[in-house]
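Okay, so here's the structure we're looking at.
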Amino acid sequence: MATTHATLETDLRMASRLALDVLTILQDTADILDTEYIVNLGSVNGLGSDTMQVGFAGYANDHLAATAAETTDVSATALTDTSVSVAVVRHALRRDISDLAELTSRGGNDVSLQAFANSLVTAARLGVMDDIAAAIDSFTSAVGSTGVDLSVDTWMSACYQLELNSATGPFVALLAPRALADLQESIRSETGPTQYIAATQDMLNIKGQGFQGQFAGVDIYRSAYIDATAADVKSGMWGRGAIGWATGTVPPPRANAAFANVTDWLAIEFDRDASAAISEVVAHAYYGVAVLEQARGVEILSDAP
Amino acid sequence: MSYEVEDQSHLPTLPRKGGYPWLLKVHKTQGWECVEVAPGEWEWLPRLRRFHQRPGVNGHTARSGNLAKVNDQNAGFLILDDPRLVAKYRKVLRAQPGPAGSRAYWLAWDTPLVSGRSVARKRDAAQALEFRRWLVSSGTVELPDPVHLDSAIDTMRKQVARATRRAGNNPHLVGKLEQDQRTLDAARAAAKAPDGRWSETPPEPPKPRRRTTKKEAA
């Protein structure tokens, strides 16, 4: 009788073994935090409040007016002002791993305390993207229609809206994957000199992973975190100054703990429950995102995936 | 304040972590579109937007959403936060636990269809449309002055003008152009109507041919 795999199971052969590498579940990991399109308002550390009130003064809103006579006594004109509140809140994520799970880790990309710590940085940045996408739904202007593909017409309507508002460029669009696909499809049927400039390696090096190209002078980023309902997705186009974020820095602990401020708004620290033989890694991010000026942005409605 | 009003425990647990709660809002002047609610019947209806009750977004703190509400109200939004209204449009589903909790917030007229790790949304479009119509007919949201609808009409007019230049003999574009032109005409007419509603006058039925009398025949 021949020696077969079946007869060797389960003493000398296994029904299945773990692959050497652990792959990552497909996920959009791009963010636009380091671009110029999200205004960094700074930190609330030492501010006396967790909420930053961003003031706007209309210094040039009022123009010099002609006087009735050359000796008319000119009265004072009140300054136009407004403000927006940006609340910085705590965002946290904790991963625990038992000692046995840690010591049997095969290294590399396998589950371990270090792998958890590494992934928390990406998780924190994607959390901010989620919040930016939610903030977009507060742009007062909206173009496109529920349940209708994003087209070049809608795209141009968004551009016109920003220009009508005298919004200053450069403009950026954060599009849901479906919206980007529909836009490219619509561009295919355009005639004339219109050109979609796809992202090249040089552009990606400068603008980062989520950059998809440029159309009609507007940078395009794709994000899977755009707000979606059953009928539509709510992408957005805006100019610099439309959306901002404020942050807070975690003060380092006084105890002798493993702690690192990864960035000025994200801290990662390790802790251990010795009696339970469990190690934990915790990320804390303090930030808040808000639409700063409505007129600088426009929401782009299009059909859902 | 709690708005959880519906027990959805008979539905399957969603395979994703829960999300943050939200309310609906509409913009009083800029968020309107002309919709064909029935064949030949058009109405200006508000677009539904979301007021995210999400700490860290647009002024929401972990304690209160008042600043966020003020931010949006200053921008012209009407937030539909009356609990009786919320009960009409939102339901709470169970979801896998996550950092944002184990509840998922869904529109009342959407139903989850779970397939493996993905969730499709099945929409009862008639119910969704009915809610938007009800917002206007009940007076919850007032129809804006026609002046505010002008910019939406103007955008449509420009798209029709552009499509007219491009259409040529392309039957697909001509068909789309005719549809866009019809929508534009309806939007204009509905904007002039005091209640924002407009019905196309049905074409007159063809008159029966008069038979030739014997005298005329002779």
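Values as computed for the structure displayed
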quantity	calculated
Check on A:Val44, modelled with pLDDT of 90 or more and exposed (fewer than 13 other Cβ atoms within 10 Å of the Cβ)	no
Which numbered condition A:Val121 fails, given (1) surrounded by 23 or more Cβ atoms within 10 Å (Cβ to Cβ); (2) more than 12 Å from every other protein chain (Cβ to nearest Cβ); (3) under 20 Å from the mean Cα position of the chain (by Cα)	(1)
Matching residues, the stretch A:244-264, being surrounded by 15 or more Cβ atoms within 10 Å (Cβ to Cβ) and in a loop (DSSP other than H, G, I, E, B)	A:Thr249, A:Val250, A:Asp264
Identity of the residue in the stretch B:89-140, under 13 Å from the mean Cα position of the chain (by Cα) and part of a strand (DSSP E or B), that ends up farthest from A:Leu93 (Cα to Cα)	B:Arg123
Condition met for A:Gly127 (within 13 Å of chain B (Cβ to nearest Cβ), modelled with pLDDT under 90, under 24 Å from A:Ser223 (Cβ atoms) and surrounded by 16 or more Cβ atoms within 10 Å (Cβ to Cβ))	no
Residue list for the stretch A:212-249, filter: among the hydrophobic types (A, V, I, L, M, F, W, C), over 23 Å from A:Gly288 (Cα atoms) and within 12 Å of another protein chain (Cβ to nearest Cβ)	A:Ala230, A:Ala231
Complete set of residues in the stretch B:27-64 that are closer than 18 Å to B:Thr140 by Cβ, more than 7 Å from chain A (Cβ to nearest Cβ), not in a loop (DSSP other than H, G, I, E, B) and not hydrophobic (A, V, I, L, M, F, W, C)	B:Glu43, B:Pro46
Test: residue in the stretch B:66-78 that is at pLDDT below 90, buried (at least 17 other Cβ atoms within 10 Å of the Cβ), of a type in the set (A, V, I, L, M) and touching a helix residue (DSSP H, G or I) at 6+ places or on another chain (Cβ under 7 Å)	yes
Residues of the stretch B:65-85 satisfying the condition of being within 7 Å of another protein chain (Cβ to nearest Cβ) and of a type in the set (Gly, Ala, Ser)	B:Ala75, B:Gly76
Filter result for A:Val143 (more than 16 Å from the chain's Cα centre (by Cα), surrounded by fewer than 21 Cβ atoms within 10 Å (Cβ to Cβ) and either of a type outside the set (D, E, K, R) or more than 9 Å from chain B (Cβ to nearest Cβ) (or both))	no
Residue in the stretch A:280-303 that is more than 30 Å from B:Val70 (Cβ to Cβ), modelled with pLDDT under 90 and either touching a Gly at 6+ places or on another chain (Cβ under 8 Å) or of a type outside the set (Ser, Thr, Tyr) (or both) present	yes
Residue ranges of strands (runs of 3 or more DSSP E) in the stretch A:123-237 with at least 1 members in contact (Cβ under 8 Å) with a residue 24 or more places away in the chain	A:171-175, A:211-215, A:218-222
Single residue of the stretch B:147-175 satisfying the filter (more than 13 Å from chain A (Cβ to nearest Cβ) and either in contact with a Cys (Cβ under 9 Å, 6 or more places away or on another chain) or at pLDDT 85 or above (or both)) that is surrounded by the most Cβ atoms within 10 Å (Cβ to Cβ)	B:Leu149
Residues located in the stretch B:152-179, provided they are more than 18 Å from the chain's Cα centre (by Cα), within 24 Å of B:Ala38 (Cα to Cα) and in contact (Cβ under 8 Å) with a residue 12 or more places away in the chain	B:Arg157, B:Gln159, B:Val160, B:Lys176, B:Leu177
Hey, A:Thr82 in a loop (DSSP other than H, G, I, E, B), within 11 Å of chain B (Cβ to nearest Cβ) and closer than 30 Å to B:Ile153 by Cβ or not	no
Condition met for B:Ala187 (assigned to a helix (DSSP H, G or I), surrounded by fewer than 16 Cβ atoms within 10 Å (Cβ to Cβ) and small (Gly, Ala, Ser))	no
Close pairs from the stretch A:86-110: first away from chain B (no Cβ under 14 Å) and over 14 Å from A:Thr247 (Cα atoms), partner outside any strand (DSSP E or B) and among the polar types (S, T, N, Q), Cβ under 8 Å, at least 6 apart	A:Ile97/A:Ser112; A:Glu102/A:Ser112; A:Ser105/A:Ser112; A:Asn109/A:Thr24
Cβ pairs under 6 Å, 6+ apart, first in the stretch A:276-305 and more than 9 Å from chain B (Cβ to nearest Cβ), second in a helix (DSSP H, G or I) and among the aromatic types (Phe, Trp, Tyr)	A:Val281/A:Phe116
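The values are calculated or read from the model by the stated rules, or taken from the named source; none is laboratory data. All values derive from a computational prediction rather than experimental measurement. With ideal geometry, Cβ positions are generated from the backbone for all residues, glycine too; neighbour counts draw on all protein chains shown.
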